[in-house]
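Note sheet for the following structure.
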Amino acid sequence: MKHYPRPERCEQAPLLHPPYRASLRRAPHRPLIQIPHTLSELTGPLYGHNPIGETDNDLTRQHFGEPVGQRIIVAGRVIDEDGRAIPNTLVELWQCNAAGRYRHHADNHHAPLDPNFSGAGRTLTDENGNYRFLTIKPGAYPWRNHRNAWRPAHIHFSLFGPCLITRLITQMYFPNDPLLPFDPISQSIPDERARQRLICHLDLDLTEPEFALGYRFDLILRGRNATPFEGPS
Ligand SMILES: [Fe+2]
């Protein structure tokens, strides 16, 4: 039976990181019990065959008009721990708008909603593991973790590998964001190199002249160079 090695602890955020206040409520108070992977975890259920819509990977064309903000292309490859492409896997993203506001009932940040921006997209990787989105650069937003706490600009990602236990949920950040050193969520990852793997890279080959900057963000589902992800490991 296929075996999925557990990630290195130092490369993943601990469940309890007191500067990230919500982790005080969420983190388990007792040691975790590791349960061997079961046959059903390793073999299914798998992502189904619901069709991906034409504009699902273009967040600038999901409404009547264009959203406000700077257009960006976010693209990369999804690979496994041995560098092999993960084809035909579902990549989902969600984000706030350019003003730093989510279209979500729980977001009461005093910033405008954009009627032309929902902030959610999805696509399937191609045969070489490539994915691509066109979206708007998200804004920073306050989040009340502590006085004057602001999240750096980020995009949330979810990926499905071959089965449910290879699902990855993470956040992508932007280069040289001055808020990153003050962000308890990204800083909860102890290893600096692992934190760097959550920062996308400006890619002029991906950039479309006079249209949109391109940012490359590769995702590694498991293994020593795994992209840091959220949740128990
Ligand atoms: Fe967020």
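The values are calculated or read from the model by the stated rules, or taken from the named source; none is laboratory data. What you see is a predicted model; the values in this text were computed from it and never measured. Counting neighbours? That spans all protein chains shown, and the Cβs are built from the backbone with ideal geometry, glycine included. Just so you know, the surface numbers come from the protein's heavy atoms only, side chains and all, with ligands and any DNA or RNA stripped out. Shrake-Rupley method; radii C 1.70, N 1.55, O 1.52, S 1.80 Å.
The table that follows gives values for the structure above.
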{"quantity": "Assigned charges on the beta-carbon of Lys, Arg, Asp, Glu; the chain dipole about Cα centre (debye)", "calculated": "1040"}
{"quantity": "Bridge type composition, the chain - antiparallel percent by DSSP, nearest 5", "calculated": "80"}
{"quantity": "Segment 187-233: C-alpha gyration tensor shape, a/c 1.5 cut-off, then a/b vs b/c", "calculated": "prolate"}
{"quantity": "For segment 43-122: rounded, prolate or oblate by the Cα gyration tensor [a/c cutoff 1.5]", "calculated": "prolate"}
{"quantity": "Rounded percent of accessible protein surface that carbon and sulfur make up, the chain, 1.4 Å probe", "calculated": "55"}
{"quantity": "Three-way shape label, the chain, alpha-carbon gyration tensor, a/c 1.5", "calculated": "oblate"}
{"quantity": "Added length on full extension, which subtracts the Cα-Cα distance from 0.36 nm per residue, Ile52 to Asp205", "calculated": "52.5 nm"}
{"quantity": "Probe 1.4 Å, all protein chains present, accessible-area order of Thr227, Thr207, Thr43, largest first", "calculated": "Thr43, Thr207, Thr227"}
{"quantity": "Arg132 - accessible surface, heavy atoms, 1.4 Å probe, Å² rounded to 10", "calculated": "100"}
{"quantity": "Per residue solvent-accessible surface (Å²) - the chain, probe of 1.4 Å", "calculated": "57"}
{"quantity": "Mean separation of Cα contacts under 8 Å (6+ apart) over length of the chain, as relative contact order %", "calculated": "27"}
{"quantity": "Gln62-Thr38 FRET efficiency (beta carbon distance; Förster radius 25 Å; 0.05 resolution)", "calculated": "0.05"}
{"quantity": "Listed residues Asp56, Asp126 arranged by accessible area, highest first, probe 1.4 Å", "calculated": "Asp126, Asp56"}
